[in-house]
Amino acid sequence: SQGDYTCTFTYSAQGGTNEQWQMIIGVSEDDLLFSCSVWRPQGKSYLFFTQFKAEVRGAKIEHAMAYSQAAVGGQSDVPLKQEEFEITETTVSHREGKFRFELSKLMIVAKTPRDEL
């Protein structure tokens, strides 16, 4: 959580031993954007993800992307295919039957509610 904004990442996975993961959340200086990123700094995760869901509270998702491999050592991020996950106003989650069990990075940018004068 940061201020009025919360990001929650829930998942179920098998395998992988002692994988280090990071989560960073932030709010832009003008308080208009809230970002949430979850990833494995070492690049590819060897976890077998059966499901995942990231949820933001206090803001609406503007852009989100999920990757099967995170950039490391000159390699680029490898995005999941669009049919593997779904994005709503407040969540990014796997799509049952389409998701191929690989996840190494998830990025969300959400717009914060703005009070009109």
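The values are calculated or read from the model by the stated rules, or taken from the named source; none is laboratory data. Note that the coordinates shown come from a computational prediction; the quantities given were computed from them, not determined experimentally. Note that each Cβ is placed from the backbone with ideal geometry, even for glycine, and that neighbours are counted across all protein chains shown. What goes into the accessible areas is simple: the full protein's heavy atoms, side chains included, and nothing from ligands, DNA or RNA. Shrake-Rupley method; radii C 1.70, N 1.55, O 1.52, S 1.80 Å.
Scanning segment 93-104 for residues that are crowded, with 19+ Cβ neighbours inside 10 Å, in contact (Cβ under 8 Å) with a residue 24 or more places away in the chain and over 10 Å from the mean Cα position of the chain (by Cα) turns up at least one hit. Annotation: Thr8 fulfils all but one of (1) surrounded by 12 or more Cβ atoms within 10 Å (Cβ to Cβ); (2) at pLDDT below 95; the unmet one is (2). Can you confirm whether Lys105 is among the basic types (Lys, Arg) and under 19 Å from Ser1 (Cβ atoms)? No.
Check segment 105-114 and report whether any residue there is of a type outside the set (Lys, Arg) and open to solvent by 80 Å² or more (accessible area, probe 1.4 Å). The answer is yes; a qualifying residue exists. Of all the residues in segment 17-33, those that are open to solvent by 50 Å² or more (accessible area, probe 1.4 Å), without any contact (Cβ under 8 Å) to a residue 40 or more places away in the chain and in a strand (DSSP E or B) number 3.
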